[in-house]
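Worksheet: the structure to be examined is printed underneath.
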Amino acid sequence: MTGTDLLVLAGAVTLIVVVNWWFFVAGRTPAALVAAANGAPAEVVIVVDGGYSPASVQVKAGEKVRLVFDRRDDSSCSEEVVIPAFNVRQFLPSGARTVIEIGPLAAGTYPYTCGMSMLRGTIIANA
Amino acid sequence: MPETLEHPIVVTARIPVSGMTCAACQSRVQKTLATQVGVSDASVNLMMGTATVTYDPAAVQPQALVDAINKTGYEAELPTPERSAFEEQESRDRATAEEFKALKWKAIAAGVVGAVSMALMPFMHQMMWITWVLLVATATIMATAGRHFYVRAWKAFTHHSADMNTLVALGTGAAFIYSVIATVMPGFFLARGVPADVYYEAVILIIAFILTGNAFEARAKRNTAAALRALVQLQPRTARVLRDGVERDVPIAHVMAEDIVLVRPGERIPVDGVVREGESAVDESMLTGESMPVTKRTGDRVIGGTINRTGAFRLTATTLGEASVLAQIVKLMRDAQGSRAPIQALADKISGVFVPIVISIAIATFAAWVLFTPDDSFVRAFAAAVTVLIIACPCAMGLAVPTAVMVATGKGAELGVLIKGGEALQRAGDVTTVVLDKTGTVTEGRPTVTDIIVTTPGTEDLLLAQVSALEALSEHPLADAIVQAAKGRGIAQGAVEAFESVTGKGLIGVVQGAAMAVGNAALMADYSVDVTPLSAEVARLADAGRTPMYVARDGALAGLLAVADPIRETSRAAIARLHAMGLKVVMLTGDTERTARAIAKEAGIEGVVAGVLPDGKVAEIKRLQQAGTVVAMVGDGINDAPALAQADVGMAIGTGTDIAAEAADVVLMRGDLRAAAHAIDLSRRTMATMKQNLFWAFIYNVVGIPIAAGVLYPAFGLLLTPVLASAAMAFSSVSVVTNSLRLRRAHIATEN
């Protein structure tokens, strides 16, 4: 094995590790905590721009949640949001806010994704 | 509440405003809205007749905004669910149409530039300037037609997520950078023994192919929602209402319950209601799948969105807005289309990790080529890595099941079969046994008088007049059939002077001075009436599944009446169809064995379970399930609710009033068993489509990626080019959507 070969091998392994770290590990952000007030549903604005921010939302179990999706991109990838646990498949017009109200949520984790499950987020209901 | 949040919450609402005719009206409404507390932005569109208001929901209610507009003298109304469904569909269609148009022009531009580039390639070695022209052309295409790939890829990257754009951007980006280095400083590669080749035409053609694929995909995806769009558009915008003796057209949202609405021939019925006066034939095919127009008379229910064919009538409005049948169907459909099928779980798991894994494979491919092949392999290594990035197609996997669910639920709605989601579709496709409730499912559910036999010729009407007078006082389920029979013949009931119900035997009483007894042989025996003249008839009728009863007048046998719940006209054909589909059919009924057998024989059903109490239905379904069969239960949504819930697939024959509340997986919009066969047939075809889609989407990547990486090269010398890979990728997702769309043309309702 030549020096170039070793360099290529080391480079490739490093690159693969970095790619997987970036997409699978580095992306885990702490969930944004959202609270309800005065009996109104917990409300959170989720910006849709090539991904969801915040992607992870934490609420108290037993509460209703108003998700306000603020879609800023025009990629057809993010044009729909799907919340399987609530049979939601909602079109999000570009450049507008779309409100989706779900719940009350039983304790648990509810994933939401784009129409093709590539962009992902979660709603966590804690008891 | 807003103070506790970093950013105050605002909501944008579109409020339809009518009556604005000029720019002055527009600015007046706009000013009024802008001065409301809690409103941060208001803009009024005169052409569209809408006000777009951004407001803080904690500070102002939308109704207050509507009231404010109304005070200025223009008419505003809150968006109703069906209106918002309509608008959502419109905005979605607009977005898709724009997307398609943009993609089309981008694809054409990239295609033309790509073709010219390819034609120029052979002359490149003689004329160096061509290389520079190609560099500029490629950069231009990437920055214009292909711009969104890079922008979206970058945005996704910053969110630690990756999608199709990531792959396209990486693949074309890498090829472009390689080519630029080869153009600007060829010595860099030559010094390392690597040819300084350029791939400009490949970059442009890849972009052209993927844009073309995306354009076709956008158009095909639009068609998957065609049925829902058609349903949403059934709702008329206005209704002609009679108020204070004056007819006027009002927006549909202003119609109130109990309003009298006028419907002319050829019009769509604007709201759900009950016919007050008039008679007509109504085409309900768009909601029930029933192709024959249905006659509507005073007292009959009509459904908003259906078409009045022949006569004019007036109706009393009943359910409106969200509660209307059409709105409920639309809601159910949207829920269904948003649901997931369990079969999708694996594809979902893979989609989430797909792109990073493909990038890893591309890197590994590059390294493997460099390490395991002779010295000049760098270019091949690079090309193979780019080909891996380009050929991989996560979209096909993501589209495989949802597009099939969309098209299938839409097709179902056209057939009058509302399937409540992907899971229901999947289970209905596996059904092996269909359990039918007898009353109201196999039969009409409305007992009628089938036979009148009299001992003295010509006394039928007298018999009916006297018996119906007594039955009118009875609470027996069959009594109403006799009363209706008398009414139907225009026979006036006799005056009743005495009446008594004899439990388990029948009725006795005095009508117009005659002592009457109506009931079974035991009742006749009590009054020493000889029944032998008619006992053979009674046995024959009972064998035919009817319920005969003797009638005695003044102690002598006067005749008999037989009542039966007739089999629906369509039941026999439907059951034959279920059998032809290889399904076992079982009928459950509370009737006696003798009656049940007779009905089953007439309908062509092989399996009968008679004498079943309502809770016995659940036990019977459990028994079938324990024997390993997948059971579909067809019954009415209210009385059979527990049995429908127990069955693997519950199919409720919709009463047309409360569709969403039915405890069923499938709602049949017409009382016709053929719809149950349609539901199962459609589900089977949909499952086949989903499996084909998933198979092709998986196999495409499982086979395509290794070939792109070059696994066939050592043995067969086979290598794909990146351009070929881009064509394959574009084709794969289009083919999946197109395959789902084939369900729209499936011949399911062949008997209609």
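Rule-based calculations on the coordinates, nothing more; no lab input. What you see is a predicted model; the values in this text were computed from it and never measured. Because the Cβ atoms are built from the backbone with ideal geometry, glycine has one as well, and the counts that use them run over all protein chains shown.
Compute the angle between helix B:674-709 and the longest alpha-carbon principal axis of chain B, please, reported from 0 to 90 degrees and rounded to the nearest 10. Between the helix axis and the principal axis of chain B, the angle is about 10 degrees. Calculation over all alpha carbon pairs of the protein assembly as shown in 20 angstrom steps from 0 returns a P(r) of 12, 34, 31, 16, 5, 1, 0 percent. Each Lys and Arg adds +1 at its Cβ and each Asp and Glu adds -1 at its Cβ; summed about the Cα centre, region B:378-517 shows a dipole of about 940 debye.
Taking each residue of B:37-44 in turn, how many C-beta atoms of other protein chains fall within 10 Å of its C-beta, and what is the average?
Details: counts 0, 0, 0, 0, 0, 0, 0, 0.
If you average over the peptide's residues, the count of other-chain Cβ atoms is 0.
Principal axis extents of the Cα atoms in chain A, from largest to smallest and rounded to whole angstrom, are 69, 34, 21. Phi-derived couplings, Karplus 6.51 cos²θ - 1.76 cosθ + 1.60 at θ = phi - 60°, listed residue by residue for region B:333-342: 5, 5, 4, 4, 6, x, 7, 10, 9, x Hz, with x used for Gly and Pro. For B:K104, the aspartates and glutamates whose Cα falls under 15 Å of its own Cα, not counting residues fewer than eight places away in the same chain, are B:E217. For chain B, the longest principal axis of the alpha carbon atoms and the long axis of helix B:129-143 meet at an angle near 30°.
Taking the C-alpha atoms only, the angle from helix A:3-20 to the longest principal axis of chain A is near 0 degrees. Phi-derived couplings, Karplus 6.51 cos²θ - 1.76 cosθ + 1.60 at θ = phi - 60°, listed residue by residue for region B:710-719: x, 5, 8, 5, x, 7, 10, x, 8, 9 Hz, with x used for Gly and Pro. Could you state the number of Å between the C-alpha centres of region A:58-127 and region B:454-496? If you average the Cα positions of each part, the centres end up 62 Å apart. Close amide H partners of B:L557, meaning residues 5 or more places away or on another chain with modelled amide H under 5 Å apart, are B:D530. What FRET efficiency, computed as 1/(1 + (r/R0)^6) with R0 = 35 Å and r the Cβ-Cβ distance, is obtained for A:A26 and A:D5, rounded to the nearest 0.05? Working from the Cβ atoms, E equals 0.75.
Distance between the pseudo-spin-label points of B:Q61 and B:E602 (7 Å out from Cα toward the beta carbon): 5.7 nm. From helices alone, chain B scores -16000 deg cm²/dmol at 222 nm; the rule is -39500 (n - 2.57) for each run of n ≥ 4 DSSP H residues, then divide by the residue total. Using only alpha carbons, region B:426-540 has a radius of gyration to Kirkwood radius ratio (Rg to Rh) of 1.12. Take each residue in A:105-113, count the other chain C-beta atoms within 10 Å of its C-beta, and the mean is 1. Most tightly packed first, judged by the mean number of other beta-carbon atoms within 10 Å of their residues, the peptides B:437-447, B:382-392, B:246-256 read B:382-392, B:437-447, B:246-256.
Between B:C22 and B:I638, the contour length at 0.36 nm per residue exceeds the Cα-Cα span by 216.4 nm. Ranked by how many other Cβ atoms sit within 10 Å of their own Cβ, fewest first, the residues B:W105, B:W369 fall in the order B:W105, B:W369. For the pair region B:194-227 and region B:348-397, the centres of their Cα atoms are 19 angstrom apart. If R0 is taken as 30 Å, the Cβ-Cβ distance between B:T738 and B:R147 corresponds to a FRET efficiency of 0.60. Classification of region B:291-349 by its C-alpha gyration tensor yields a prolate form. The axis ratio a/c (a ≥ b ≥ c) is 1.5 or more, and a/b outweighs b/c.
As a calculated quantity, the FRET efficiency between B:A525 and A:A106 at R0 = 45 Å, using C-beta atoms, amounts to about 0.10. Of the residues B:A727, B:W696, B:I653, the one whose Cα sits farthest towards the positive end of the charge dipole of region B:633-752 is B:A727 (charges of +1 on Lys and Arg Cβ, -1 on Asp and Glu Cβ, taken about the Cα centre). Between the amide H of B:V585 and those of B:V434, B:E606, B:G607, distances stay under 5 Å, these residues lying 5 or more places away or on another chain, with hydrogens modeled in the peptide plane.
Take B:525-536, B:608-619 and order them by the average number of nearby Cβ atoms within 10 Å per residue, most first; the result is B:608-619, B:525-536. Residue pairs exceeding 22 angstrom between C-alpha atoms, taken from B:K505/B:K601; B:K71/B:K331; B:K584/B:K617; B:K106/B:K411; B:K296/B:K411; A:K64/B:K331: B:K505/B:K601; B:K71/B:K331; B:K106/B:K411; B:K296/B:K411. Within a straight-line Cα-Cα reach of under 17 Å, B:K420 can be paired with the following aspartates and glutamates, leaving aside sequence neighbours fewer than 8 residues apart in one chain: B:D335, B:D430, B:D636, B:D648, B:D658, B:E662, B:D665, B:D681. Listed values for region B:511-516 are Karplus-derived 3J(HN,Hα) couplings in whole Hz (6.51 cos²θ - 1.76 cosθ + 1.60, θ = phi - 60°), namely 10, 6, x, 9, 7, 10, and x replaces Gly and Pro.
Here the simple spin-label model places points 7 Å from the Cα toward Cβ, and for B:R276 and B:D451 these points are separated by 4.6 nm.
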